[in-house]
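Note sheet for the following structure.
The values are calculated or read from the model by the stated rules, or taken from the named source; none is laboratory data. Everything quoted here is computed from the prediction, not taken from an experiment. Cβ placement follows ideal geometry from the backbone for every residue including glycine, while neighbour counts extend to all protein chains displayed. Side chains are part of the model used for accessible areas, which takes the heavy atoms of the whole protein and leaves out ligands, DNA and RNA. Shrake-Rupley method; radii C 1.70, N 1.55, O 1.52, S 1.80 Å.
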Amino acid sequence: ATSGPGATNLVTGIATAYMDSVPMVAITCNVTLPMLGKDSFQEVDIAGVTMPITKHSFIVKDVKDLAAVMRRAFKIAQTGRPGPVLVDVTKDVTAAVTDFTPQTPELIQRQVDTIDEKDIESVVNAIKKSQRPMIFVGGGAVISGAEKELKEFVYKVDAPVTDTLMGKGAFDGTDPYYTGMLGMHGTKTANLSVTECDLLIVLGARFSDRVTGNAKKFANRAEIVHIDMAEINKNIPVDYSIIGDLKAVLEILNRKLEQHYHKAWVDKVMARKEALPLSYHTDALTGPYVIERISELTDNEAIITTDVGQHQMWAAQYYKYRSPRHFITSGGMGTMGYGLGACIGAKVGVPDTPVINIAGDGCFRMNMNEIATATRYNIPIIEVVFNNHALGMVRQWQTLFYGKRYSQTILEDKVDYCKVSEAMGAKAIRVTKKEEIDDAIKTALSAEVPVVIEVVINQDDKVWPMVAPGAAIEDSFDEKDQENRIQN
């Protein structure tokens with residue numbers, strides 16, 4: 001980006017990468033070296049602005065330093081816990097000339113020097129004692145590429161699995177041992193089972209407040225094992241921990257663990273899973289129904305990106321992710337407008353795989369101009385816009401917790417998203433009935449141009465189940481529970 005406003009426009013993206021441990025290098029230009037610190041036109045201390053949300057920042061003032069700084073920036077971004085690095089280059093450096101000597105990039109090594117043998121033995125013994133283990137998978141499992149080791153570990157421990165938003169796909173969402181997502185919009189099965197387990201094995205997660213609910217009541221019947229690189233004892237105190245790359249740690253544990261069996265516990269959790277499935281109104285066009293149809297029509301193999309809100313939660317709940325990096329979303333920062341750019345990037349990276357962005361009308365309004373980017377480069381993405389004429393998740397909170405005082409959440413205006421999309425060169429389809437969605441998805445999947453599908457849904461559709469802010473995750477409630485509360 002350029003200096004001043006160009007640089008500050010990157011701040012939200014940098015913060016998003018920082019929260020979700022995404023390796024990224026942001027390169028900005030600044031004013032010439034003699035003009036630094038003089039409030040020059042479009043001057044901003046972008047290194048200072050982004051200091052809390054980067055792993056490291058550089059200011060390059062000499063062209064001879066540029067190559068070495070760039071090499072260091074890319075290495076730092078990928079080493080250990082990944083994250084963003086900023087390189088700010090003064091304008092005179094961009095115009096200067098110097099000799100360049102190519103170098104082969106250094107290999108990024110897994111962090112294994114922190115793995116302690118005593119910690120390994122303690123975890124092995126804790127697993128040996130457990131009768132009701134649960135495995136909780138976070139985004140670290142995706143980052144480390146540990147899906148193969150994770151599957152072996154799950155079956156060796158013989159334990160049900162739950163995950164976070166960022167951990168989706170690290171463990172196969174169609175596997176019988178999978179119980180669904182944990183936390184505020186997690187399944188009742190996952191929330192109740194974590195509450196009842198005697199050992200919670202946490203793999204590459206940071207215990208976000210949206211996962212734990214009331215931290216004092218989170219898994220308080222269990223001992224907790226936490227394997228991570230940077231988050232030990234930050235949000236939840238744990239009984240056992242191993243610091244290091246998750247893939248490397250699981251390789252060691254899998255060698256040392258005996259085969260365990262917990263049939264009674266697994267059977268109980270699976271019975272609960274059958275008795276407490278996710279559910280929605282089947283007589284109307286809804287977000288969950290659309291996500292289920294997308295999942296089936298793509299054989300669970302598409303890459304799904306999302307914006308942030310109700311549609312994001314439906315995409316997490318109802319699409320069956322079988323592989324890592326097939327669910328790309330803004331988890332920690334919750335950045336509205338994230339999904340369309342992510343969708344374009346993913347499609348460029350994996351051109352032979354269907355890539356679908358799930359958005360809401362509020363998010364689509366924030367950056368729908370990027371449809372013009374997709375059409376300019378003929379990138380055949382699919383953009384599904386759930387149009388409920390509202391900021392749906394905020395409206396849900398206002399309905400449930402704020403006495404239906406709908407402040408700044410109604411989007412009842414005259415914008416025609418299909419016409420806007422067509423004006424930017426995309427194919428547009430509007431869906432208003434259940435019977436229309438399959439044809440729309442099939443048309444989009446077979447098209448070789450960007451396609452926008454506007455899906456008109458009810459303004460008061462909600463994401464169920466839900467845990468009220470500050471409540472324990474075991475107090476998860478769904479629509480039927482809410483109706484019973486109102487009646488009583």
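Taking label points 7 Å from Cα along the Cα-to-Cβ direction, VAL348 and ASP475 give a separation of 4.7 nm.
Gain on full extension, evaluated as 0.36 nm per residue between ASP113 and ASP438 minus their Cα-Cα distance, stands at 111.8 nm. Taking amide H positions as modeled 1.01 Å from N, with prolines and chain starts lacking one, the residues under 5 Å from ASN30 and 5 or more places away or on another chain are VAL89, THR90, LYS91.
The mean of 1/r over all distinct Cα pairs in region 1-137, once inverted, gives the Kirkwood hydrodynamic radius of 17.5 Å. Given R0 = 60 Å, the distance between the Cβ atoms of LYS61 and ASN369 translates into a calculated FRET efficiency of 0.95.
Multiplying the residue separation of ASN484 and ASN233 by 0.36 nm and removing their Cα-Cα distance gives an extension gain of 86.5 nm. Measuring nothing but protein heavy atoms, the accessible surface of the chain at 1.4 Å probe radius is 52 percent carbon and sulfur. Of all stretches in the chain that contain no trypsin sites (Lys or Arg not before Pro) in a DSSP loop with at most 13 other Cβ atoms within 10 Å, the longest one is 39-220.
Once the Cβ-Cβ distance of ALA423 and ASN378 is raised to the sixth power relative to R0 = 25 Å, the FRET efficiency obtained is 0.90. Placing unit charges on the Cβ atoms only, positive for Lys and Arg and negative for Asp and Glu, gives region 236-345 a dipole magnitude near 280 debye about its Cα centre. In the calculated pair-distance distribution of region 324-403, the portion above 14 angstrom amounts to 65 percent of the Cα-Cα pairs. Simple rule: put +1 on each Lys or Arg Cβ and -1 on each Asp or Glu Cβ in the chain, find the dipole, and look at ALA230, ILE344, THR286; the Cα lying farthest toward the positive end is ALA230. Our analysis of region 260-326 gives Rg over Rh at 1.07, with the two radii drawn from alpha carbon positions and Rh computed by the Kirkwood formula.
The share of Cα pairs per 5 Å bin across region 122-261, counted from zero up to the longest distance, runs 2, 11, 23, 27, 23, 11, 2, 0 percent. Once backbone amide H atoms are built at 1.01 Å from N, ARG430 has GLU454 as its partners under 5 Å, excluding neighbours fewer than 5 places away on the same chain. Computed from the alpha carbon positions, the gyration tensor of region 312-458 leads to an equivalent ellipsoid with semi-axes of 25, 18, 15 Å, biggest first.
The phi torsions of region 306-317, fed into the Karplus equation with coefficients 6.51, -1.76 and 1.60 and a -60° offset, translate into couplings of 9, 8, 10, x, 4, 4, 4, 5, 4, 5, 6, 7 Hz, rounded to whole numbers, with Gly and Pro shown as x. Roughly speaking, what % of Cα-Cα pairs in region 236-355 are separated by over 24 Å, rounded to a whole number? Beyond 24 Å sits 51 percent of the P(r) for region 236-355. Over every Cα atom in region 205-281, the radius of gyration and the widest Cα-Cα span, Dmax, amount to 15.9, 47 Å. Starting from the Cα gyration tensor of the chain, take the square roots of the eigenvalues, sort them a ≥ b ≥ c, and report rounded, prolate or oblate (rounded when a/c is under 1.5, otherwise prolate if a/b is larger than b/c, else oblate). Oblate shape, in that a/c is at least 1.5 and b/c is the bigger or equal ratio. How many percent of the alpha carbon pairs in region 246-297 exceed a separation of 15 Å? Looking at region 246-297, the distances longer than 15 Å represent 71 percent of pairs.
Given their separation in residues at 0.36 nm each and the Cα-Cα distance between them, LYS263 and ASN9 gain 86.1 nm when the chain is fully extended. When only Cα pairs below 8 angstrom with a gap of at least 6 residues are kept, the chain shows a relative contact order of 13 percent.
Mean separation of Cα pairs under 8 Å and 6 or more residues apart, divided by the residue count, gives region 187-271 a relative contact order of 25 percent.
Scanning the chain for chymotrypsin sites (Phe, Trp or Tyr not before Pro) lying in DSSP loops with no more than 13 further Cβ atoms inside 10 Å, the longest uninterrupted stretch between such sites is 101-260.
Here's the picture: charge each Lys and Arg Cβ at +1 and each Asp and Glu Cβ at -1 in region 388-486, and of LEU445, VAL420, PRO469 the one pushed furthest to the positive end of that dipole is VAL420. The string of couplings for region 469-482 from the Karplus curve (6.51, -1.76, 1.60, θ = phi - 60°) is x, x, 8, 6, 5, 5, 8, 4, 9, 10, 4, 5, 4, 5 Hz, one whole number per residue in order, with x for Gly and Pro. What's the longest uninterrupted piece of the chain once you rule out the GluC sites (Glu not before Pro) that are loop residues per DSSP with at most 10 other Cβ within 10 Å? Of all site-free stretches, the longest is 1-257. Here the sum of -39500 (n - 2.57) over DSSP H runs of 4 or more residues, divided by the residues of the chain, equals -11000 deg cm²/dmol at 222 nm, to the nearest 500. Placing +1 on the Cβ of every Lys and Arg and -1 on the Cβ of every Asp and Glu, with no other charges, gives region 201-288 a dipole of roughly 200 debye about its Cα centre. Mind giving me the FRET efficiency for LYS404 and ASN220? R0 is 35 Å, r the Cβ-Cβ distance, nearest 0.05 is fine. E between LYS404 and ASN220, to the nearest 0.05, is 0.55.
According to the square roots a ≥ b ≥ c of the eigenvalues of the Cα gyration tensor, what is the shape class of region 129-203, taking rounded for a/c under 1.5, prolate for a/b larger than b/c otherwise, and oblate for the remainder? Oblate. For region 273-281, putting each phi into the Karplus relation 6.51 cos²θ - 1.76 cosθ + 1.60 with θ = phi - 60° gives couplings of 4, 6, 7, 10, x, 5, 9, 7, 5 Hz, in residue order, rounded to whole numbers and with x for Gly and Pro. Amide H to amide H distances under 5 Å link LEU199 with ARG132, MET134, GLU223, where only residues 5 or more positions off or on other chains count and H is placed in the peptide plane. Across region 143-225, C-alpha contacts under 8 Å between residues 6 or more apart give a mean separation that, scaled by the residue count, equals a relative contact order of 23 percent. Please report how far the C-alpha centroid of region 107-151 lies from that of region 357-376, rounded to the nearest whole angstrom. Answer, in whole Å: 39.
Remark: region 391-451 carries 59 Å² of accessible area per residue (probe radius 1.4 Å; ligands, DNA and RNA excluded).
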